[in-house]
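Notes follow once the structure below has been shown.
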Amino acid sequence: MADSEHPRLILHNFLPLDLCKELEFIHKSCCTVGYRPNVFSTTLSHLIATNCAPLIMPIIPIRERLREKAEEYFGCQYELFVEFTGLISWCRGASIGWHSDDNRPYLKQRDFAAVCYLNSYDADFKGGIFHFKDGEPADIVPMAGDVVMYTADDRNIHSVDEITEGERVTLTLWFSRDASYDEDPKLISSLSPNLLGVADSKLHSYIPVPGSINMYWFPPDEASSFLSGFDIRCGRLHVLGFDIYPFQETFHLSESESSYNLLELLSGPLLIARDSKMFEPQFLNIMHALQMVQFYLWRFPNLKTKVEGTSPNITPTSQTQKTEIDHLKSVFLKDLQLTERFFGHSKPMKDMEYEFDWDTFSAAVLEWECYVLKLQKELVLHLPHWKTNQSIFCVTL
């Protein structure tokens, strides 16, 4: 709690740990280069635009609870609109000095902020401690499941220490009293009308669709030439021990860069390889492959190691394939050291070195299909209510 001069609220264990892990999976599967140096973000509008609209569903109940808590604590019942919702991660080198969240003319509509921590200081990252300039509590040590809420004005000037290792992941919301800044009508209008009839369509309708490669290239100022830096999707796969290989019979090393531009190659069918073995079932694009790997990483402690009636098609990678994989790595990961410095510190990644097996991964592929289908059906049932009310909320069905 806080005094009236510096209104703020700390909520411990507001989110269960498995929900934190689920949101972390969504972010690491879908994020783009963010709005500040060394920051990556996943907005609801981006999820919708990349055919990942079902993945907004786990966020909706949290959004609603946070708005209700803000209205209750700050004494503004039924007055607040959600101005922004995003999953945001800060990597090594990211920091911000003293500021308020409404410190620009284009941010004056922001009245309150909520920051939900999805992973923990020390266990998952170093640095990143949140400080208020005045009032108590002054220092917030991020712990998974905790939430800090505060006014966006100069009563709660704050800063965040530089991240020195790992990746600090949050769900961040801003609330406004001004209905013209409500993000819900824009999100609803961008949801495809085709969703109304999608419940009986085939699962491939739900496969993520990559955006422009510039959105995924780090650092962003190298995205025009691609002469240095790395693609963050390939980077995340790399630090988890996975490589990509195009599912193209006509692909040859000597003509790869002239026959395919970067966007076409990553937007087309891919195979993934690990430890000199190739997983033969193809993924439809780089986002599909990354989402599957991140889903496995989230769910593998609870997965069956063998699914009856299934057997993954695993083949050794040939020397030619290894050479082509190395070549692709040189194209998409121009700076391996930078890639590993940003994404390489990961406890789950270290656990995978000892526990990974293709049978469990194959089980994850099947479970992912069930997971996405369930969320898709929920979205289809909610959407008519959202359209009628021009508001995104949980519907009792």
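Selection of the range 96-128 for residues being over 18 Å from Thr42 (Cα atoms), touching a Pro at 6+ places or on another chain (Cβ under 9 Å) and polar (S, T, N, Q) yields only Ser120.
Pairs are defined by a Cβ separation below 9 Å, a sequence spacing of at least 6 or placement on different chains, a first member in the range 369-388 that is within 20 Å of Ala289 (Cβ to Cβ), and a second member that is surrounded by 13 or more Cβ atoms within 10 Å (Cβ to Cβ) and charged (D, E, K, R); the pairs so defined are Tyr371/Arg299. From the list Ser391, Ser362, the one residue that fits, being among the small types (Gly, Ala, Ser) and modelled with pLDDT of 95 or more, is Ser391. When each of His131, His158 is tested for being open to solvent by less than 10 Å² (accessible area, probe 1.4 Å), closer than 23 Å to Phe14 by Cβ and more than 24 Å from the chain's Cα centre (by Cα), the lone residue that passes is His158. Scanning the range 31-43 finds one or more residues that are under 19 Å from Asp101 (Cβ atoms), of a type in the set (Val, Ile, Thr) and either out of contact with any helix residue (DSSP H, G or I) (no Cβ under 7 Å at 6 or more places or on another chain) or in a helix (DSSP H, G or I) (or both). Kindly check whether there is at least one residue in the range 95-111 that is more than 24 Å from the chain's Cα centre (by Cα), open to solvent by 20 Å² or more (accessible area, probe 1.4 Å), hydroxyl-bearing (Ser, Thr, Tyr) and more than 21 Å from Leu15 (Cα to Cα). So far as the range 95-111 goes, yes, one or more of its residues are more than 24 Å from the chain's Cα centre (by Cα), open to solvent by 20 Å² or more (accessible area, probe 1.4 Å), hydroxyl-bearing (Ser, Thr, Tyr) and more than 21 Å from Leu15 (Cα to Cα). Apart from one condition, Ala53 fits all of (1) in contact (Cβ under 8 Å) with a residue 60 or more places away in the chain; (2) closer than 25 Å to Asp124 by Cβ; the exception is (2). Of note, Glu280 satisfies the criterion of being farther than 29 Å from Ala94 by Cβ, in a strand (DSSP E or B), at pLDDT below 95 and among the acidic types (Asp, Glu).
Of all residues in the range 71-81 being touching a residue at least 12 places away in the same chain (Cβ under 8 Å) and closer than 26 Å to Asp134 by Cα, which is most open to solvent (accessible area, probe 1.4 Å)? By that ranking, first place goes to Tyr73. Condition (residue is under 20 Å from the mean Cα position of the chain (by Cα) and modelled with pLDDT of 90 or more) applied to the range 304-318: is it met by at least one residue? No, the range 304-318 contains no residue that is under 20 Å from the mean Cα position of the chain (by Cα) and modelled with pLDDT of 90 or more.
Of note, Gly166 does not satisfy the criterion of being without any contact (Cβ under 8 Å) to a residue 60 or more places away in the chain, within 22 Å of the chain's Cα centre (by Cα) and closer than 22 Å to Ser89 by Cβ. Does Leu55 satisfy the condition of being open to solvent by less than 20 Å² (accessible area, probe 1.4 Å) and on the phi < 0 side of the Ramachandran plot? Judged against the criteria, Leu55 is a match. The residues of the range 265-307 that are among the small types (Gly, Ala, Ser) and within 15 Å of Leu328 (Cβ to Cβ), listed by number, are Ser267, Gly268, Ala273, Ala289.
The values are calculated or read from the model by the stated rules, or taken from the named source; none is laboratory data. Remember, predicted model here, so these are calculated numbers, not experimental data. Virtual Cβ from ideal backbone geometry, glycine too; neighbours counted across all protein chains shown. With ligands, DNA and RNA removed, areas are computed over all heavy atoms of the protein, side chains included. Shrake-Rupley method; radii C 1.70, N 1.55, O 1.52, S 1.80 Å.
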